[in-house]
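First the structure, in the form of C-alpha cells, and then the observations on it.
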Amino acid sequence: MSQARHFETLLAQARRHARRGFEAEDVVQEVLIAAVEAGRADLSVPENRRWALGAVRRRAAFDARSAARRRNRERSWAEGRPAEVPAETDAVDVAAILVGLPPSLRVVAALALSGHNRHEIAYLLGLPDTALRQRVKALKSALERKGIAMPPDMAGLNLALAYGAIRDALLPALIRHGGVFATHDPDGHLLVMRRSQKD
C-alpha cells in the first residue's frame, strides 16, 4: 500500500472521530509529526499503522473534549457564573498569571486561558505567526520570573517542536515525492515542492 493510501486511511479514521470534518486533516498532520518524533514514520509497517490509527482516534477525542470545555467556559462566562473546572485539571490562579504583565502579553494569556489555541489567538489579534511566537516566548519568560509554570490550560500555546526529527524527515520526503525543495511550516508540517512542468 502506498504512503498516499495510508494517509487516506488515517484521514478516513480522523473524519469518523473528529468533531468537525474540516478538522480531520489537522488531526492527521499532528499524528504524522508525532509518528516522525516516535520513529514510526514508516506506515508500511503494520505496527506503525495500528499506532497511527489509535493516535488519530485519541487526538480527535482530545480535541473534541477541549472544544466542549471551551464551550462550557464561554457559556458560563456569558451567563455570569464561574466555569466548572474539569476534575482532571487543577484550578489556575488567573489573577497571579495576569497581574503585572504588559497589555500585549496579558491579552495573549487571557485568550489562552479562555481556551483559545495559537491559530485562534493569531486570528483574533491579527498577528502573524512569528509575532505571536515572540509574544508566547515573552509570556513564558515573564511567568518563569514570577515562579509560575505555564498552566496546562495554556497548552494550546506550546511552541515545542522536535526540529531535529522534522529535519531528519525532510530528505526522505523530498526523495520519495520527487521534490526539488523541502521545508516545514511553523506547526511542523512537511512541505515538498516539485517542478510544475517537465523540462
Lone unmet requirement of (1) touching a helix residue (DSSP H, G or I) at 6+ places or on another chain (Cβ under 9 Å); (2) at pLDDT 80 or above; (3) surrounded by 15 or more Cβ atoms within 10 Å (Cβ to Cβ) for Ser44: (3)
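Could you please give the count of residues in region 22-32 that are touching a helix residue (DSSP H, G or I) at 6+ places or on another chain (Cβ under 8 Å) and either crowded, with 21+ Cβ neighbours inside 10 Å or among the aromatic types (Phe, Trp, Tyr) (or both)?
5
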Does at least one position in region 38-53 carry a residue that is touching a residue at least 24 places away in the same chain (Cβ under 8 Å) and within 25 Å of His116 (Cα to Cα)? no
Answer residue from region 137-188, given it is in a loop (DSSP other than H, G, I, E, B) and at pLDDT 75 or above and is surrounded by the most Cβ atoms within 10 Å (Cβ to Cβ) among those: Gly179
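Taking the stated definitions as given, is Gly100 touching a helix residue (DSSP H, G or I) at 6+ places or on another chain (Cβ under 7 Å) and at pLDDT below 85? Quick ask: steps written out before the conclusion?
Values: touching a helix residue (DSSP H, G or I) at 6+ places or on another chain (Cβ under 7 Å): no; at pLDDT below 85: yes.
Criteria not met by Gly100.
The values are calculated or read from the model by the stated rules, or taken from the named source; none is laboratory data. Everything numeric here is computed off the predicted structure, so don't read it as measured data. Note that each Cβ is placed from the backbone with ideal geometry, even for glycine, and that neighbours are counted across all protein chains shown.
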